[in-house]
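Report on the following structure.
The values are calculated or read from the model by the stated rules, or taken from the named source; none is laboratory data. Computed from a predicted model, the values in this text were never measured in an experiment. Here the Cβ positions follow ideal geometry from the backbone for every residue, glycine too, while neighbour counts run over all protein chains shown. Each accessible area value is taken on the protein alone, full model and side chains, heavy atoms only, with ligands, DNA and RNA left out. Shrake-Rupley method; radii C 1.70, N 1.55, O 1.52, S 1.80 Å.
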Amino acid sequence: QELNFYSYYPYTEAANGKLKFDFTVEQDQSIVEAYDKSDLLLASNTTVTNDAECVTLQFKHKLSMVEFEIKLPEGEEVKTVEVKAKRTAEVDLISQTVTLKETGEEAEFILCSAVGDGKYRACVPAQSLSGKIIRIITKSNRVYWYKSGMPLQLIAETVIPVAVDCTK
């Protein structure tokens, strides 16, 4: 007889004992713990026999990681970088899929995590972003907006690099 194992990380009370659940990324991912809690990983193994001594699970990142490389005018320093996106996805452990929850939620600004060298990251569900999607606030409280000419496609299980040049 074969056994089915499904696993996810990080733990969320919403998934307790369920094969389908909603997962919401943290709004303030500038805090390391919140960024880590937003990086959804899934794994499954449906070929384990009931006499197996161990179970192997290979986890995969299931959200999109958007990474902004920010270039500011000389003398300006970044205080915060935010991306405007929807935060909630529907997770199906059996099919190992994560899809954007389309109803009941507006896009909101998510604070990105600083990773050095002018780069900032956030984990978000796959989706299409358009309009003023990035807000950069400097230490002198100047605000810069990044507006994409075309919708920015955030793809699941993918790092999406975006160069933002505020010097022009």
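In the range 138-146, the condition of being assigned to a strand (DSSP E or B), of a type in the set (K, R) and touching a strand residue (DSSP E or B) at 6+ places or on another chain (Cβ under 6 Å) is met by no residue. Checking each residue in the range 112-156 for being open to solvent by 30 Å² or more (accessible area, probe 1.4 Å), in contact (Cβ under 8 Å) with a residue 40 or more places away in the chain, within 26 Å of G75 (Cβ to Cβ) and of a type in the set (A, V, I, L, M, F, W, C) picks out A114, V115, I137. Residues in the range 54-66 include at least one that is at pLDDT 95 or above and charged (D, E, K, R). Out of T88, T138, T80, T103, one residue alone is within 17 Å of S38 (Cα to Cα) and hydroxyl-bearing (S, T, Y). It is T88. Annotation note: of A85, A89, the sole residue that is closer than 23 Å to R142 by Cα and either open to solvent by less than 40 Å² (accessible area, probe 1.4 Å) or at pLDDT 95 or above (or both) is A85. Scanning the range 11-66 for residues that are of a type in the set (D, E), outside any loop (DSSP other than H, G, I, E, B) and without any contact (Cβ under 8 Å) to a residue 12 or more places away in the chain yields E13, E33. I'm told E33 meets every condition in (1) within 22 Å of K84 (Cα to Cα); (2) touching an Asp or Glu at 6+ places or on another chain (Cβ under 9 Å); (3) open to solvent by less than 70 Å² (accessible area, probe 1.4 Å) except one. Can you identify the failing condition by its number? E33 satisfies every listed condition except (3).
Of the residues examined, T99 is one that is surrounded by 13 or more Cβ atoms within 10 Å (Cβ to Cβ) and either aliphatic (A, V, I, L, M) or more than 16 Å from S7 (Cβ to Cβ) (or both).
Scanning the range 56-82 for residues that are over 17 Å from Y144 (Cβ atoms) and open to solvent by 40 Å² or more (accessible area, probe 1.4 Å) yields T56, L57, Q58, F59, K60, H61.
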